[in-house]
Amino acid sequence: MIGVLALQGNYSKHIEILDKLKISSCEVRYNNQLDEINGLIIPGGESTTMTDIMSRNNFYDKIQLFSQTKPILGTCAGLIMMAKSVLDKRVRPLEILDIEVDRNAYGRQIHSFVNKLPIKLEKDLETISVPFIRAPQITKVGKNVEIISNYNKNPVAVKSGIHMGLSFHPELNNITIFHDFVFIKQFNSKTYAA
Ligand code: GLN
């Protein structure tokens with residue numbers, strides 16, 4: 001079972017993607033639910049608000065401990081929350097991915113569709129079309145972080161150990177490859193997420 005952090009933001013589209021992949025899922029609202037899931041999605045939304053709700057509900061230690069053994073996929077604000085450092089100090093990140101992130105760096109209300117983003121997840125290079133919505137820019141990448149896609153020479157998708165962070169929203173374009181990779185394929189298993 002994969003949990004989608006449902007404190008704030010756009011979590012329901014992730015549940016739909018997991019449904020498409022036949023992965024059972026639940027909405028995570030309390031930190032003790034982390035004991036019952038095999039993977040976590042941190043969705044898009046507003047990272048300052050997420051900081052506030054996660055602090056008040058004691059999610060930080062629980063998610064950090066969870067990340068030592070179980071995979072986390074973050075999209076947009078989720079990527080910001082997974083970073084090691086965020087330029088905007090109102091956000092307290094989880095320090096799961098060794099990256100530095102600049103919020104809203106692609107423009108405040110810019111909502112741009114990017115075509116032909118090259119993605120290298122496994123052996124093959126794929127091209128996908130995904131929306132960036134007030135997206136964060138990844139401004140520094142640590143040495144253990146693998147870049148799986150760049151847009152205009154900036155990294156927009158990264159992987160570190162079993163975790164992945166994306167500055168865009170694959171779930172809004174019904175793209176399943178990232179969820180499939182993080183929760184199933186990287187473990188060579190059909191049952192991991194069941
Ligand atoms: N700009 C938002 C933030 O800083 C992220 C936007 C999104 O998740 N689509 O938290």
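Computed quantities for the displayed model
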quantity: Helix-only CD estimate at 222 nm, as mean residue ellipticity for the chain, using -39500 (n - 2.57) per DSSP H run (n ≥ 4); calculated: -5500 deg cm²/dmol
quantity: Relative contact order %, segment 21-134, counting alpha carbon pairs below 8 Å whose residues are six or more apart; calculated: 19
quantity: Label-zone membership for segment 5-38, site Asp61, 7 angstrom Cα→C-beta point, backbone N under 20 Å; calculated: 29-37
quantity: Tensor-based shape of segment 65-184 (alpha-carbon gyration tensor, a/c under 1.5 rounded, otherwise prolate or oblate); calculated: oblate
quantity: FRET efficiency, Glu27 to Ile177 (Cβ-Cβ, R0 30 Å, nearest 0.05); calculated: 0.85
quantity: Global geometry of segment 1-148, whether rounded, prolate or oblate, following the gyration tensor of its Cα atoms and the 1.5 cut on a/c; calculated: rounded
quantity: FRET efficiency for Asp35 and Lys123, using Cβ-Cβ distance with R0 set to 45 Å, rounded to 0.05; calculated: 0.80
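FYI, it's all coordinate maths here, none of it is from the lab. Everything numeric here is computed off the predicted structure, so don't read it as measured data. Note: ideal-geometry Cβ built from the backbone for every residue, glycine included; neighbour counts use all protein chains shown.
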